[in-house]
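**Q** Questions regarding the structure given below will be posed in turn.
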Amino acid sequence: MPYVFGSLKSVEDNVLPRGRFLKPLGVEIPTDEVTEIIPKEKLLRTRSGKEIGWDRLVIATGSRLVKPKLEGSELEGVYTIPKDYNYLKGLRERLEKAEQVVIVGGGFIALEVGDEIRKLGKDVTIVVRSRLLRSSFDPEFNEMVEGRLKETSIRFVHGNVERIIGEGRAEKGKLVDGRELPTEIVILSVGYRPNVELAVKAGLRVTEYGIWINEYMRTSHPDILAVGDCVEHRDFFTGKPYPLMLASTATFEAKITGANLLSFLVL
């Protein structure tokens, strides 16, 4: 998603042609929304009223955006980074008319979005509560990343945003310590949470980290697998759950899921 703001010329450039790769392989791609998974009957119910049967099911519902409860977040010019084509297109158009941008957050999305907006020639300030990428790297690597981004003209401010100030639209971000950051756009990028609503309704085992899976990506139901941001990830060395969600991890999990899905069908 972040690349639509700088490296790519438009949001459209980030959209894969529908079905180009999958339809020639015989994969059907209906457009609908699953509202219910019924494991006992091995059925899906959709928003349009359809029922779809399955022998094996893969859940890849991803994650949902976390929007902080921040005074002033309803003002014009305050945005988040959802997985929504029309929303991101509107933000891209708004960015082209702005000069000053404040981003709240210190994770991968916040940093990547900031770096991409910087490529548009905008004045970018990133507000980090503690240290950036703290869930992913030791402090010395965090400092290296911050130093490299500073070389590109991105500014970092360490502190907590108390509220967003403005008459109808965002004009300043006010920190708890009283500092104020002038801006035209505020982007709130404080993280995502596993999208587990369907799994919970289906009675699958779900933890605070996502849908529980074993090493073969199987859920608590033997014929349902899950992959990506919606699942509980575990540390390679300790085996303990952790909250980090990355595209690289999801891609690797997808390969495991595909291989084991095939083996289940063969068996």
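**Q** Of the conditions (1) over 29 Å from L244 (Cβ atoms); (2) touching a residue at least 40 places away in the same chain (Cβ under 8 Å); (3) exposed (fewer than 15 other Cβ atoms within 10 Å of the Cβ); (4) not aromatic (F, W, Y), E180 clears all except one; give me its number.
**A** Here E180 meets the rest and fails (2).
**Q** Mind checking which residues of region 7-53 are in contact with a Lys or Arg (Cβ under 9 Å, 6 or more places away or on another chain), assigned to a loop (DSSP other than H, G, I, E, B), surrounded by 10 or more Cβ atoms within 10 Å (Cβ to Cβ) and without any contact (Cβ under 8 Å) to a residue 24 or more places away in the chain?
**A** D32
**Q** When region 75-87 is examined, which residues are found to be more than 24 Å from E167 (Cα to Cα) and touching a helix residue (DSSP H, G or I) at 6+ places or on another chain (Cβ under 8 Å)?
**A** Filtering region 75-87 for residues more than 24 Å from E167 (Cα to Cα) gives 82-86.
Correct list: P82, Y85.
**Q** Looking at region 233-248, which of its residues are outside any loop (DSSP other than H, G, I, E, B), out of contact with any strand residue (DSSP E or B) (no Cβ under 8 Å at 6 or more places or on another chain) and surrounded by 10 or more Cβ atoms within 10 Å (Cβ to Cβ)? Don't jump to the end; show me each part of the working.
**A** In the first step, residues of region 233-248 are kept if they are outside any loop (DSSP other than H, G, I, E, B); the result is 233-234, 241-242, 247-248.
Within this subset, residues satisfying the condition of being out of contact with any strand residue (DSSP E or B) (no Cβ under 8 Å at 6 or more places or on another chain) are 247-248.
A247, the sole residue that qualifies.
**Q** Please go through region 190-227 and pick out each residue that is within 18 Å of the chain's Cα centre (by Cα) and either in a loop (DSSP other than H, G, I, E, B) or polar (S, T, N, Q) (or both).
**A** V190, G191, N195, V196, E208, Y209, V227, listed by residue number.
**Q** In region 111-132, how many residues are modelled with pLDDT of 90 or more and either within 30 Å of P241 (Cα to Cα) or charged (D, E, K, R) (or both)? Reasoning before the result, please.
**A** First pass over region 111-132, keeping only residues modelled with pLDDT of 90 or more: 111-128.
Narrowing the set further to residues that are either within 30 Å of P241 (Cα to Cα) or charged (D, E, K, R) (or both) leaves 111-116, 118-119, 122-123, 126-128.
So the count comes out to 13.
The values are calculated or read from the model by the stated rules, or taken from the named source; none is laboratory data. These figures come from a predicted structure and were not determined experimentally. Here Cβ is always computed from backbone atoms with ideal geometry, including for glycine, and neighbour counts include all displayed protein chains.
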